1. Quick check on region 38-55. Is at least one of its residues small (Gly, Ala, Ser) and closer than 21 Å to GLU260 by Cβ?
2. Quick one: PRO17 ticks every box in (1) surrounded by fewer than 17 Cβ atoms within 10 Å (Cβ to Cβ); (2) touching a residue at least 60 places away in the same chain (Cβ under 8 Å); (3) more than 28 Å from GLN259 (Cβ to Cβ); (4) under 24 Å from the mean Cα position of the chain (by Cα) bar one, so which box is it?
3. Go through the residues of region 197-210 one by one and say whether even a single one is in contact with a helix residue (DSSP H, G or I) (Cβ under 7 Å, 6 or more places away or on another chain) and under 30 Å from VAL94 (Cβ atoms).
4. Quick check: anything in region 72-79 out of contact with any strand residue (DSSP E or B) (no Cβ under 8 Å at 6 or more places or on another chain), at pLDDT 90 or above, surrounded by fewer than 17 Cβ atoms within 10 Å (Cβ to Cβ) and within 25 Å of ALA258 (Cα to Cα)?
5. In region 119-172, what residues are basic (Lys, Arg) and more than 30 Å from VAL31 (Cα to Cα)?
6. Against the definition (touching a Pro at 6+ places or on another chain (Cβ under 7 Å) and not hydroxyl-bearing (Ser, Thr, Tyr)), how does ASP165 come out, yes or no?
7. Filter region 239-266 for residues that are part of a loop (DSSP other than H, G, I, E, B) and over 27 Å from ALA157 (Cβ atoms); which is modelled with the lowest pLDDT?
8. Restrict the check to region 185-193 and report whether at least one residue is closer than 21 Å to SER164 by Cα, at pLDDT below 95, out of contact with any Ser or Thr (no Cβ under 9 Å at 6 or more places or on another chain) and in a loop (DSSP other than H, G, I, E, B).
Amino acid sequence: MLLVTACGGAQKVTPAPPPVAKVGSQLITQVAFDTRLQSTLVAIGQAGGPANNSAMTAGVRASVLRSLILDAVIAQEATAEGLAATDAQVEAEVNNEATQAGGISQLQSELASAGGSIAQLRDEVRSQKNEQRLEDRFAQQRAAMVEQLLAGGADFAQTAKQYSDDTGTNAKGGDLGSITLGDLKADDPKFSAAVEALPVGAYTKMAVRDAGGYDVIKVYAKTATSWSVRHILVAAPLPYTVQNRPAWFGETLFAAVAQECQAGEIHVYLAGAGANPCAGAPNLSPPPTPASPAGG
């Protein structure tokens, strides 16, 4: 406890708690950790999970910290790409949620009933925007790579087996089979327009952005009423959620974390097994000392 002298006399100032981790120059604060931990524990309890289970709580604490570290890495990558969500964009999303809920007080009540808060919502909005934007950018780059492979003579079906995120067709070389005119009209308009424009044997020379992601489409046969189509989908679904994170994107993110670990850029100050994503890497430095208030 610090005493700061002001005009009205000495005031007690409680220093901020030390951070729980650091990724590069970005500190992960105790407040951010507690906010996400509380909402996670409440959600587990509401889903029927065990209460007052020390082993479960320890596991959740480690998982929450790892998720915050991953979000910090994503934020750094998004910033490097010029894609990071701004405070104004986050607040706009929160205000939109408040409008839909019938006002900020109603939103606060709804969030509290689920163990959340406005701070937790801001955290969630920022993390999701950063990840969605980064995933979309990487998906564009991956689709461009697929186009380069095809332009270099790669077989379409074999490329689909290796790179397509459509788990229903990638094992079949991306074969969607015969698509009727009725099916096409019910499909995504951008996908449908691309199919109708392609001559037999041709594929799109630029991936088509549709609701599922970036589609490279090939028409290999057609009749007066149907089209036989293969495609290579690089997933970038809209709307995007962490639950539908493509496997290749997850691998990219965890590789980035591994690189940060190898460079010594990740420091974990929170005690507990499993909290450090840099497996086996010792924490040799103590947590940074919180800055003293002005005049302290």
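1. There is no residue in region 38-55 that is small (Gly, Ala, Ser) and closer than 21 Å to GLU260 by Cβ.
2. (4)
3. yes
4. Yes, because at least one residue in region 72-79 is out of contact with any strand residue (DSSP E or B) (no Cβ under 8 Å at 6 or more places or on another chain), at pLDDT 90 or above, surrounded by fewer than 17 Cβ atoms within 10 Å (Cβ to Cβ) and within 25 Å of ALA258 (Cα to Cα).
5. ARG137, ARG142, LYS161, LYS172, listed by residue number.
6. Spelling it out, ASP165 is indeed touching a Pro at 6+ places or on another chain (Cβ under 7 Å) and not hydroxyl-bearing (Ser, Thr, Tyr).
7. Among those that are part of a loop (DSSP other than H, G, I, E, B) and over 27 Å from ALA157 (Cβ atoms), it is THR241.
8. Within region 185-193, one or more residues are closer than 21 Å to SER164 by Cα, at pLDDT below 95, out of contact with any Ser or Thr (no Cβ under 9 Å at 6 or more places or on another chain) and in a loop (DSSP other than H, G, I, E, B).
The values are calculated or read from the model by the stated rules, or taken from the named source; none is laboratory data. Quick caveat: nothing in here was measured; it's all calculated off a predicted structure. Here the Cβ is made from the backbone with ideal geometry for all residues, glycine too, and neighbour counts use every protein chain on show.
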